[in-house]
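One structure is given here, and the rest of the page talks about it.
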Amino acid sequence: MRRTLTAIGLLGFALAQEAHRVAITHPASPVNRETNGLLIWVLAFSVLIFGVVAGSLAYITLKFRAKPGQTGEPPQIHGNDRLEVIWTLIPLAIIFVLFGLTARALIQVNKPIPGAIKVEVTGYQFWWDFHYADLGLRNSNELILPAGVPVTLEVTSKDVIHSFWVPGLTGKRDAIPGQKTLIHLTPETPGNYYGFCAELCGPSHARMLFRVLVVPKEEFDRFVEAAKAYTPPVADAKGQQVFQQNCMACHGVQGQMPPAVIGPELGFVGNRVSLAAGIVDNTPENLKAWIKDPASMKPGVKMPSFPQLSEEELDALVRYLEGLKVEGLDLKALPKF
């Protein structure tokens, strides 16, 4: 008993720690409300069926149990056509109801929304690229969206099949090379929503996370205006030099993309709440450790380590990267879902 209670307690602590990461019942968007509606119907029918079956079993067990002194076989029942028709028609009716509700929900969540912001979502091993084509902006691993504004995500991949999933906002969509799958949603509640790759895509699949940061519309509009006039600041000239010598072959800074997209865009890395595709918080200490030896934090990552950089060069590079941001945009205070 003690071991069982201990195991239940540890499981409770684990679930409490990670509860904000998977929240498919959080009604932060119309998509999740449709899903929750279906879930309630399924649970209701499940409870009904369980009650009928368990109740019938208990009734039959009590009513037809052997009586004291009773011997031999009791009278046998060899069939009841009416009963068999009933227990065939009732499950069939339940299936038709769930089919109709599911078809309606699928139509609703896949219906295009006029005037939606379009974002091209591209999966790479093992990170995500978000391109606001109409706004001329690009960010990686953190998708910033306005609350109450419809959004259409065009999901694809550049290497293998991935799957884009934000439990707190919407369902899964496969990211398939050469194809585009669409997600229509309207995020309604500001917050920091955890996202996952839900398709096994390689050795670092489990650490291919991302964030969807939903902010008030006024804050998003200020961000877009500031980003359009954005000139990458130079918080440390030596750090910029180190970046140009070691990082620019793979990473771009807003408006200065490399010839081939290999690594995440870093134009607004100073504004991000996380690093390494969402696996650690964005702090100078974590950024320095990530640059120095990324494989120790994210096994299977394609980014090489930089043991040749001195402590002075690493510190300068961190200061330069931390300075790549739009001022006045505080995303770390958002509630987590």
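Residues considered: Ala103, Ala66, Ala58. Of these, the only one that is more than 30 Å from Val151 (Cα to Cα) and modelled with pLDDT of 90 or more is Ala58.
Has the stretch 186-196 got at least one residue that is polar (S, T, N, Q), under 14 Å from the mean Cα position of the chain (by Cα), at pLDDT below 95 and within 26 Å of Gly270 (Cα to Cα)? Looking for residues that are polar (S, T, N, Q), under 14 Å from the mean Cα position of the chain (by Cα), at pLDDT below 95 and within 26 Å of Gly270 (Cα to Cα), one finds at least one in the stretch 186-196, hence yes. Considered as a group, the residues in the stretch 73-104 that are of a type in the set (D, E, K, R) and in a helix (DSSP H, G or I) include one that is nearest to the chain's Cα centre (by Cα), and that residue is Arg104. Considering Phe243, Phe268, the condition of being over 28 Å from Leu169 (Cβ atoms), open to solvent by less than 50 Å² (accessible area, probe 1.4 Å), in contact with a strand residue (DSSP E or B) (Cβ under 9 Å, 6 or more places away or on another chain) and in contact (Cβ under 8 Å) with a residue 24 or more places away in the chain is satisfied by Phe243 alone.
Rundown of residues vs (1) open to solvent by 100 Å² or more (accessible area, probe 1.4 Å); (2) aliphatic (A, V, I, L, M), yes/no style:
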position: Ala58; (1), (2): no, yes
position: Arg65; (1), (2): yes, no
position: Pro68; (1), (2): yes, no
position: Gln76; (1), (2): yes, no
position: Gly79; (1), (2): no, no
position: Trp87; (1), (2): yes, no
position: Pro91; (1), (2): no, no
position: Ile94; (1), (2): no, yes
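Only a single criterion out of (1) of a type outside the set (A, V, I, L, M, F, W, C); (2) open to solvent by less than 60 Å² (accessible area, probe 1.4 Å); (3) part of a strand (DSSP E or B) is not satisfied by Lys118, namely (2). Quick check on the stretch 206-216. Is at least one of its residues hydrophobic (A, V, I, L, M, F, W, C), over 30 Å from Glu327 (Cα atoms) and surrounded by fewer than 23 Cβ atoms within 10 Å (Cβ to Cβ)? Among the residues of the stretch 206-216, at least one is hydrophobic (A, V, I, L, M, F, W, C), over 30 Å from Glu327 (Cα atoms) and surrounded by fewer than 23 Cβ atoms within 10 Å (Cβ to Cβ), which makes the answer yes.
Among the residues making up the stretch 199-232, those that are part of a loop (DSSP other than H, G, I, E, B), without any contact (Cβ under 8 Å) to a residue 60 or more places away in the chain and within 20 Å of the chain's Cα centre (by Cα) are Glu199, Leu200.
Residue pairs whose Cβ atoms lie under 7 Å apart, sitting 6 or more positions apart in sequence or on different chains, and linking a residue in the stretch 33-53 that is open to solvent by less than 100 Å² (accessible area, probe 1.4 Å) to a partner that is not in a helix (DSSP H, G or I), are Thr35/Ile24; Thr35/Gly171; Asn36/Thr25; Asn36/Pro27. Quick check on Leu153: is it assigned to a strand (DSSP E or B), open to solvent by less than 50 Å² (accessible area, probe 1.4 Å) and closer than 27 Å to Lys228 by Cβ? When the stated conditions are applied, Leu153 passes them. Name the residue that is farthest from Asp330 (Cα to Cα), counting only residues in the stretch 220-235 that are surrounded by 14 or more Cβ atoms within 10 Å (Cβ to Cβ) and touching a strand residue (DSSP E or B) at 6+ places or on another chain (Cβ under 8 Å). Only one residue tops the list, namely Pro232.
The values are calculated or read from the model by the stated rules, or taken from the named source; none is laboratory data. Since we're looking at a predicted model, the values are computed, not measured. Neighbour counts run over all protein chains shown; Cβ positions are idealised from the backbone, glycine included. In case anyone asks, the SASA skips ligands and DNA or RNA and just uses the protein heavy atoms, side chains included. Shrake-Rupley method; radii C 1.70, N 1.55, O 1.52, S 1.80 Å.
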